[in-house]
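Asks: Can you keep this structure in mind? I'll have questions shortly.
The values are calculated or read from the model by the stated rules, or taken from the named source; none is laboratory data. Note that the structure is a prediction, hence the values are computed from the model and not measured. As a convention, Cβ positions derive from the backbone with ideal geometry for all residues, glycine included, and neighbour counts pool all protein chains shown.
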Amino acid sequence: MKNTKIVFLKQNNYYKQELEKKIRHIFKKTELFNELKEKKVHSILLKPNLLGIYSPELAVDTHPIFVETVAMILKKNGYIVGVGDSSASFYKMERLFTESGYAPIFEKKYAVMENFELEPFTEITLENQKIKKIMIAGALKKYDYVISLPKLKTHNISLITCALKNYYGIIPGIRKTQYHHIFHRFKDFNRFLIDLYAKIRPDFYLVDGILGMDGDGPAGGNPRHLDLMIGGRDGLKIDGYLLKMMGVNAEKLDYFQYAEKKGLYSSVGRNDLDIPFDFDFMFKDFKLPIASRLSMFTNILPKFMFGFLRVKPIIDKKKCILCQACIKKCPEKAMKLTGKMVKIDYNKCIACGCCKEVCPVDAIHIKGNIPMKVLSIGRNIYEKIRSKKGK
Ligand code: SF4
Ligand code: SF4
């Protein structure tokens with residue numbers, strides 16, 4: 001029988017030797033190598049979160065040393081290893097891998113690079129109200145087993161980007177953006193992620209929560225030492241428990257309820273967890289993304305009324321280098337270059353944050369209006385009270 005425990009370990013740095021020891025410890029506790037042996041696995045695909053070209057200190061991408069250490073351990077144990085992703089950015093994947101610090105993984109031959117944006121893709125069918133068929137990376141077919149290596153961060157649409165959201169990266173390139181257009185309501189987009197999870201998901205998760213992010217993730221939030229590594233096989237339980245640590249009751253979120261109805265999620269009990277004796281059950285003063293507080297309204301209001309209680313992407317003209325990556329990425333075609341400025345048509349904008357994700361110089365900020373700020377302050381007070389009570 002598969003070991004279903006979710007193992008939490010404290011870890012506060014990316015020193016290779018220490019990391020190797022801790023990762024091996026998680027693999028041992030979760031009996032990963034026994035499973036690989038039983039299933040006669042020869043090849044393993046690692047799926048990090050590689051959102052764009054960011055320095056590791058910004059906590060946007062899964063830390064390169066973290067990925068390298070996992071690849072090295074697996075390689076030493078005789079497995080063929082691949083590292084693959086399809087990014088949200090417009091850089092070629094080879095450049096992304098190289099400039100985000102992943103080059104040594106391939107130079108040392110711990111793993112081969114898998115570009116999820118290269119054809120042929122694989123078509124899969126989904127049980128979703130709007131989309132029945134989607135394309136995913138063809139590279140997945142080449143491997144016997146998949147380990148997801150998510151970064152623990154906030155997300156403007158899903159509140160958290162970790163186990164569930166990291167696998168959105170198996171959808172090649174620009175298609176990801178098109179789905180934001182189709183599912184412009186946060187609720188529908190999150191349900192789409194659940195439908196994808198129902199169809200295809202990794203075999204194992206190892207979360208890089210050492211340097212994580214709070215605030216306005218998934219890019220441009222606040223890097224935060226969360227000092228955690230998490231290993232396990234149930235992605236939704238991992239995310240559900242991490243949300244709890246962020247001060248959010250996952251069971252009250254629509255997409256978790258949707259997953260529960262589909263038999264994919266049940267709440268996390270103490271018996272599901274393997275935790276250190278000095279475990280902190282809550283992240284202190286954790287800041288959620290401001291856009292996520294809009295979701296209750298965008299889920300019920302028609303699109304043309306989003307402006308009433310919207311958060312807005314704002315461009316810092318001093319920082320903007322006019323690269324136009326945001327214009328190409330915007331699923332609503334709400335951005336255009338006018339003279340020497342990028343302008344946003346807020347009547348079209350759905351506050352998805354895709355432009356912010358791809359901006360190479362962090363020139364886009366998400367700003368709330370007065371009602372949103374009031375909501376935000378209220379939420380912060382509520383979170384502080386909850387945090388003090390240790391709930
Ligand atoms: S302007 Fe930015 S936030 Fe608005 S729809 Fe376009 S990409 Fe999304
Ligand atoms: S806001 Fe960022 S992504 Fe958009 S044009 Fe300026 S620098 Fe490029």
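Asks: Taking the options Ala59, Ala139, name whichever one is in contact with a Pro (Cβ under 9 Å, 6 or more places away or on another chain), within 29 Å of Lys16 (Cβ to Cβ) and not basic (Lys, Arg).
Replies: That would be Ala59, the only listed residue that is in contact with a Pro (Cβ under 9 Å, 6 or more places away or on another chain), within 29 Å of Lys16 (Cβ to Cβ) and not basic (Lys, Arg).
Asks: Okay, next question. Please list, ordered by first then second residue, the pairs with beta carbon atoms under 6 Å, 6 or more apart or interchain, first in segment 191-215 and more than 21 Å from Glu31 (Cα to Cα), second of a type in the set (Phe, Trp, Tyr) and crowded, with 21+ Cβ neighbours inside 10 Å.
Replies: So the pair list comes out as Arg191/Tyr255; Phe192/Phe183; Ile194/Tyr255.
Asks: Here's something else I'd like to know. For segment 2-22, which positions are part of a helix (DSSP H, G or I) and touching a strand residue (DSSP E or B) at 6+ places or on another chain (Cβ under 7 Å)?
Replies: Of everything in segment 2-22, just one residue is part of a helix (DSSP H, G or I) and touching a strand residue (DSSP E or B) at 6+ places or on another chain (Cβ under 7 Å), namely Lys22.
Asks: Let me ask something else about it. Out of Ile23, Ile53, which single residue is farther than 27 Å from Ile171 by Cβ and among the aliphatic types (A, V, I, L, M)?
Replies: Step by step, each of Ile23, Ile53 is checked, and only Ile23 is farther than 27 Å from Ile171 by Cβ and among the aliphatic types (A, V, I, L, M).
Asks: Name the single residue, out of those in segment 316-340 being part of a strand (DSSP E or B) and at pLDDT 95 or above, that is farthest from ligand 2 (Cβ to nearest atom).
Replies: Lys336
Asks: Now a separate question. Can you list residue pairs whose Cβ atoms sit under 6 Å apart, with the first residue in segment 55-81 being small (Gly, Ala, Ser) and the second being assigned to a loop (DSSP other than H, G, I, E, B)? Count only pairs 6 or more apart in sequence or on different chains.
Replies: Ala71/Tyr110; Ala71/Ala111
Asks: What residue, among those in segment 348-374 that are away from ligand 1 (no atom under 14 Å from the Cβ) and of a type in the set (Val, Ile, Thr), is modelled with the lowest pLDDT?
Replies: Out of the qualifying residues, it is Ile370.
Asks: What helices (runs of 4 or more DSSP H) lie completely within segment 185-299 and have 1 or more residues being under 17 Å from the mean Cα position of the chain (by Cα) and surrounded by fewer than 20 Cβ atoms within 10 Å (Cβ to Cβ)?
Replies: Per the criteria, 186-199, 235-245.
Asks: If I go through segment 140-184 residue by residue, how many of them are part of a helix (DSSP H, G or I) and not aliphatic (A, V, I, L, M)?
Replies: The qualifying residues number 14.
Asks: All but one of (1) part of a helix (DSSP H, G or I); (2) out of contact with any helix residue (DSSP H, G or I) (no Cβ under 8 Å at 6 or more places or on another chain); (3) at pLDDT 95 or above hold for Thr98, so report the exception by its number.
Replies: The one condition Thr98 does not meet is (3).
Asks: Select from segment 101-124 the residues that are surrounded by 18 or more Cβ atoms within 10 Å (Cβ to Cβ) and part of a helix (DSSP H, G or I) and list them in ascending order.
Replies: Those that are surrounded by 18 or more Cβ atoms within 10 Å (Cβ to Cβ) and part of a helix (DSSP H, G or I): Gly101, Tyr102, Ile105.
Asks: In addition: Leu96: assigned by TED's automatic domain parsing to the domain that holds Ile200, in contact with a strand residue (DSSP E or B) (Cβ under 9 Å, 6 or more places away or on another chain) and more than 23 Å from Thr161 (Cα to Cα), yes or no?
Replies: No; evaluated as a whole, the condition is false for this residue.
Quick grid of which residues meet (1) of a type in the set (Val, Ile, Thr); (2) surrounded by 16 or more Cβ atoms within 10 Å (Cβ to Cβ); (3) touching a strand residue (DSSP E or B) at 6+ places or on another chain (Cβ under 9 Å):
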{"residue": "Tyr54", "(1), (2), (3)": "no, yes, no"}
{"residue": "Glu57", "(1), (2), (3)": "no, no, yes"}
{"residue": "Leu126", "(1), (2), (3)": "no, yes, yes"}
{"residue": "Ala137", "(1), (2), (3)": "no, yes, yes"}
